[in-house]
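One structure is given below, encoded as structure tokens.
The values are calculated or read from the model by the stated rules, or taken from the named source; none is laboratory data. It should be emphasised that the depicted structure is a prediction, and the values quoted were computed from it without experimental measurement. For neighbour counting, all protein chains shown are included, and Cβ atoms are generated from backbone atoms with ideal geometry for every residue, glycine included. Ligands, DNA and RNA are stripped out before the accessible areas are found, and what is left, the full protein with its side chains, is counted by its heavy atoms. Shrake-Rupley method; radii C 1.70, N 1.55, O 1.52, S 1.80 Å.
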Amino acid sequence: MRSKKLFDALHGTGGAASHRGLQGLFARPKKTGRLIAAAAAALVLCGLAAYGLGLFGPWRQRPSDDPVQAVQSALENQAAEDYTVSLRIGEIKVEKAKTEQAIARYPGSDLARARGWTDEYLAEHFVAVWAKYYAEYDHAKTFLEDGWLEQDFYLVRDPGTGAWEIADSTSPRASRAP
């Protein structure tokens, strides 16, 4: 029915009625607009709450008192994703040299300022963790490469709880089998 009204309105077959038909076709009641705005606002707020709880973001993880356990949790959660066929963890360890390199890069940077990381905070609450794992993915659902992979994770510790969480990570890169 709407397509016929649109056709008549555009081709002028309805005379004066064609103008009214076109207006009626695209008119939106104010209530509908308000409802759409309220629904969009609710979705945004729910998304922000989920991200703040760690339920949504680049790495789903259980914060832990041990940074290695936090990374293991994130990889285990990735193994549970529908795009992962299998994932086997080879090794996870704290990398002191990479931690020192990262800490040397961050002081005074825009990223550190944006995240509220002072030099003192970084020195006490920042660590780099390296992981090696084997992954197979469903390529109908993801672009990620299969095989042995290495990845660096950068974690920060909450000074109040002592729990480590992943703040950032590198992209996985191909590796040799152990």
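Things to note:
- Selection status of GLY54, open to solvent by less than 90 Å² (accessible area, probe 1.4 Å), assigned to a helix (DSSP H, G or I) and modelled with pLDDT under 95: no
Conditions tested, residue by residue: (1) of a type in the set (Lys, Arg); (2) touching an Asp or Glu at 6+ places or on another chain (Cβ under 6 Å).
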{"site": "ALA97", "(1), (2)": "no, no"}
{"site": "TRP130", "(1), (2)": "no, yes"}
{"site": "LEU144", "(1), (2)": "no, no"}
{"site": "ALA163", "(1), (2)": "no, no"}
{"site": "ARG173", "(1), (2)": "yes, yes"}
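- Looking only at segment 111-154, and only at residues there that are small (Gly, Ala, Ser) and over 21 Å from the mean Cα position of the chain (by Cα), the one that is surrounded by the most Cβ atoms within 10 Å (Cβ to Cβ): GLY147
- Looking across segment 155-166, the residues that are surrounded by fewer than 17 Cβ atoms within 10 Å (Cβ to Cβ) and free of Cβ contacts under 8 Å to residues at least 60 places away in the same chain come down to PRO159, GLY160.
- If you go through segment 77-89 and keep only what is open to solvent by 50 Å² or more (accessible area, probe 1.4 Å) and in contact (Cβ under 8 Å) with a residue 12 or more places away in the chain, you end up with ASP82, TYR83, VAL85, ARG88, ILE89.
- Which numbered condition GLY108 fails, given (1) modelled with pLDDT under 90; (2) crowded, with 17+ Cβ neighbours inside 10 Å; (3) not hydroxyl-bearing (Ser, Thr, Tyr): (2)
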